[in-house]
1. Once you charge only the Cβ atoms, +1 for Lys and Arg and -1 for Asp and Glu, what is the size of the charge dipole of region 582-769 about its Cα centre, to the nearest 20 debye?
2. What is the spin-label model distance, in nm, from Ala580 to Ala652 if the labels are put 7 Å beyond Cα along the C-beta direction?
3. Residue separation times 0.36 nm, minus the C-alpha to C-alpha distance between Asn631 and Trp738: what's the value?
4. Taking every Cα atom in region 357-407, find the radius of gyration and the maximum pairwise distance Dmax, and write them in Å.
5. Among the listed pairs Lys289/Lys384; Lys133/Lys441; Lys265/Lys352; Lys352/Lys610; Lys376/Lys598; Lys272/Lys366, give every one whose C-alpha distance is greater than 27 Å.
6. Calculate one ³J(HN,Hα) per residue across region 580-596 by plugging θ = phi - 60° into the Karplus curve 6.51 cos²θ - 1.76 cosθ + 1.60, and present them in order as whole Hz with x for glycine and proline.
7. Using per-residue counts of other Cβ atoms within 10 Å, averaged over each peptide, order 351-361, 819-829 from highest down.
8. Would you mind getting me the FRET efficiency between Arg503 and Ala334? Use the beta-carbon distance for r and R0 = 45 Å, nearest 0.05.
Amino acid sequence: MKMRDRCLHCRNRRSPAFSAASSAMTSCRFLLFFCSAILLSAATSSYGSRDGTQKSGKSSVFSLFNLKEKSRFWSEAVIRSDFDDLASSNPAKMGLINYTKAGNIANYLMLQEVDAMYLPVPVNFIFVGFEGKGNRDFKLNPDELERWFTKIDHIFEHTRVPQIGEVLTPFYKISVDKGQRHHLPIISHINYNFSVHAIEMGEKVTSIFEHAINVLARKDDISSNSDEKDALWQVDMDMMDVIFTSLVEYLELDSAYNIFVLNPKHDLKRAKYGYRRGLSESEIDFLKKDKNLQTKILESGNVPESVLALEKIKRPLYEKHPMAKFAWTVAEDADTAEWYNNCLDALNNVEKLNQGKDTSEIILNKALQLMKGKNKYMKLLLEKELKAGDLAGVQPECLTDTWIGKDRWAFIDLSAGPFAWGPAVGGEGVRTDLSLPNVEKTIGAVTEISEDEAEDRLQEAIQEKFAIFGDKDHQAVDLFAFKHCKGRRVKLALCEELDERMRDLKNELQSLEGEENDESHKKKAMEALKRMENWNLFTDTQEQDFQNYTVARDTFLAHLGSTLWGSMRHIISPSIADGAFHHYEKISFQLFFITQEKVRTIKQLPVDLKAIMDGLSSLLLPSQKPIFSPNLLSLSEDPALAMAFSVGRRAAAVPLLLVNGTYRKTIRTYLDSSILQYQLQKLNDHGSLKGAHAHTRSTLEVPIFWFIHGEPLLVDKHYQAKALSDMIVVVQSEQSSWESHLQCNGQSLLWDLRRPIKAALAAVSEHLAGLLPLHLVYSHAHETAIEDWIWSAGCNPFSITSQGWDISQFHLDTIARSYIITTLEESLQLVNSAIRSLLMERTCILLPLFTASVSKFCFMCGF
């Protein structure tokens with residue numbers, strides 16, 4: 001095929017998109033031709049002097065080697081300075097040939113689509129009580145840990161959860177619309193590359209945590225006179241927070257994510273314990289009845305001395321996190337000696353101060369710590385409820401054995417609990433008594449024989465056999481039939497020696513088979529050989545017990561690995577909501593407080609505006625600035641808004657099955673978010689709800705419609721707040737105790753509908769950066785969201801086991817990564833789109849133009 005026909009063939013194969021945009025591509029071709037001509041001419045000129053006609057000028061090649069043109073070395077046979085001679089080396093022709101052979105511009109430029117990008121994520125798994133001094137003296141070996149943890153996926157795709165339908169469907173399944181289109185892919189091109197560093201703490205650190213649990217624990221039911229062994233204990237989480245934070249800061253591990261795994265010894269006096277922030281139900285009842293105690297708390301201005309205060313000291317465990325797939329480090333007691341002494345002194349002081357105090361004094365001290373502490377929610381709640389005098393909104397938080405701290409640490413305590421929480425009836429992934437690995441029920445159920453004990457038993461068996469060796473009923477080979485060697489993880493030296501002797505004896509007996517011997521002698525030898533062939537030295541009377549122990553140990557490690565894998569998926573790199581979330585320098589929160597009757601000032605509203613503003617500000621990064629614009633709207637004075645509210649308000653019969661098995665049908669009044677959004681968008685189009693920053697590129701405007709209603713009112717039947725595509729809807733009612741569809745430890749979780757700040761912050765964070773509740777994560781197997789309630793813990797807006805709403809550093813990092821990943825993903829899409837366009841551009845189209853024009857270009861430039 002001629003060159004002209006070949007190029008016409010290429011033209012005919014152009015895509016429809018290319019043909020439709022031919023006029024737009026003309027300028028691109030000219031630019032591409034011009035750049036290519038320059039590149040080809042520059043490549044050609046690099047083979048010779050810049051001006052071949054001026055012989056007196058210095059050659060660039062000669063100046064490179066600092067030699068003259070008349071040098072004896074540089075002869076005519078070696079190098080020529082004439083352009084025509086150099087052109088015969090065909091650099092331009094080769095370039096054109098390579099360009100043509102490439103087939104398309106992307107291949108010529110060696111460009112390929114980007115499949116994935118990787119973000120490094122450092123993680124520390126810190127094991128406390130696994131050095132052989134914790135519960136059941138369980139020792140975790142580095143080789144075992146590496147064997148199991150290298151099986152964990154260390155690279156996770158960033159995932160997005162499609163828009164979720166109604167959570168409480170009749171079959172309690174998470175439902176998503178799989179047919180909806182997505183601006184960014186559900187399974188992202190951005191991957192998390194985890195470097196796991198396992199750190200084993202020494203005996204001193206274990207003893208500090210055991211001592212802290214004993215000192216900071218108090219009875220859950222103060223009215224109970226039952227034996228301490230049967231009582232349930234609550235450990236002060238505010239105090240334990242100080243212990244965990246101080247250890248992370250002391251070892252300077254705060255630049256990585258730290259997951260603690262605790263295995264403290266069981267104290268016989270405290271058989272079952274859990275962690276809680278705040279007061280228990282019995283303590284709250286005690287405080288409600290004691291008016292004098294309430295007065296003391298309000299009038300007291302001093303923080304009690306029993307607050308745990310630790311001096312800030314540092315001793316780095318390592319200079320830089322080991323960025324490997326898996327690494328193991330043992331923190332020796334010498335590494336933590338200073339921290340140990342500091343914590344021990346502080347805990348001893350707390351223990352002395354609490355000795356001899358009655359229930360009233362203990363509750364007084366705890367209430368003052370909450371009011372003067374850093375927990376904003378507790379301070380706000382207790383102060384308002386104590387002034388009201390009824391404490392109606394003070395509810396006990398769940399006892400848990402997991403916790404997510406405010407900084408980059410979380411923990412699971414395998415000796416605590418077990419506890420349960422999640423949906424009251426139905427639902428998936430609920431937390432149960434068997435959700436976490438249990439040392440007591442697995443490892444503790446099978447007793448491991450120590451090496452020394454096994455060897456002692458072996459020697460006793462040998463002596464016993466030798467004592468009856470002369471008995472005619474026992475042959476010499478019976479000496480080895482005691483069966484005490486099999487199942488040893490580390491083979492005893494004596495067993496190896498016996499095995500070697502046995503092989504020698506077997507060889508000797510086999511040699512008797514073909515020799516001339518006494519018939520009776522030969523018969524005995526063959527019988528002995530037959531018995532030996534059916535006998536295995538490495539069997540054990542304890543074989544079944546050892547196999548049980550090995551299976552239990554492997555089961556425990558597999559369960560532990562699965563749990564820690566879940567921590568990475570749910571709290572370190574969680575799935576986010578579907579959508580593109582961008583970083584803005586300023587976030588303008590347009591707060592519309594909507595009441596039924598007209599209110600003159602915001603101070604008259606039953607809301608704490610400062611708490612709301614502080615909570616919203618905590619969702620922003622240090623580089624962002626909040627702007628607040630509170631507005632008062634009244635349904636009685638705004639007919640259009642009243643119409644939107646009336647159209648969106650609906651009622652539904654919701655079946656409810658309580659924890660105790662009681663069936664109840666309730667009628668719930670709620671706002672349909674889809675209808676309400678449509679109505680409010682119409683008002684916004686008319687300009688009545690637009691803010692001052694609606695059209696500013698550096699500012700994101702976030703409208704928050706806060707409906708204040710007298711009767712119980714929810715959003716979409718089950719929510720106090722809901723994030724929509726362009727707004728947030730929050731509802732507030734007067735009921736202080738609303739029985740929700742959730743439970744913990746057999747008790748229904750009660751919501752305070754008067755204070756929806758926690759739900760509002762969760763909805764706003766979803767709107768800003770796509771953060772979802774901690775129990776939700778995308779499943780590749782199901783191609784939808786699944787639930788796992790283990791990590792729905794901690795004092796944050798995304799947890800159900802606590803009423804607090806402090807944002808953790810885990811969540812702030814997720815917000816920052818969400819902005820970064822959106823930018824990377826969109827940039828990657830643009831790059832891949834450009835490469836796909838270059839794949840459609842055939843290189844043979846421009847070949848005739850190059851052949852003619854390059855020569856003309858070179859002639860005009862004097863080459």
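Each value in this text was obtained by applying a stated rule to the coordinates, not by laboratory testing. Computed from a predicted model, the values in this text were never measured in an experiment. With ideal geometry, Cβ positions are generated from the backbone for all residues, glycine too; neighbour counts draw on all protein chains shown.
1. Values: 19 positive and 16 negative charges, 21 e Å.
Using only the charged Cβ atoms, the result is roughly 100 debye.
2. Output for this residue pair reads 3.2 nm.
3. Details: separation 107, 0.36 × 107 = 38.52 nm, distance 2.80 nm.
Full extension from Asn631 to Trp738 adds 35.7 nm.
4. Cα-based Rg and Dmax for region 357-407 come out at 12.6, 34 Å.
5. Values: Lys289/Lys384 17 Å; Lys133/Lys441 18 Å; Lys265/Lys352 23 Å; Lys352/Lys610 39 Å; Lys376/Lys598 30 Å; Lys272/Lys366 21 Å.
Distance filter (> 27 Å) returns Lys352/Lys610; Lys376/Lys598.
6. 10, 10, 10, 7, 10, 5, 10, 10, 9, 8, 8, 8, 10, 8, 10, 10, 6
7. Working: 351-361: 12.2, 819-829: 17.3.
Ranked by mean Cβ neighbours within 10 Å, highest first: 819-829, 351-361.
8. Details: r = 48 Å, r/R0 = 1.06.
Calculated value: 0.40.
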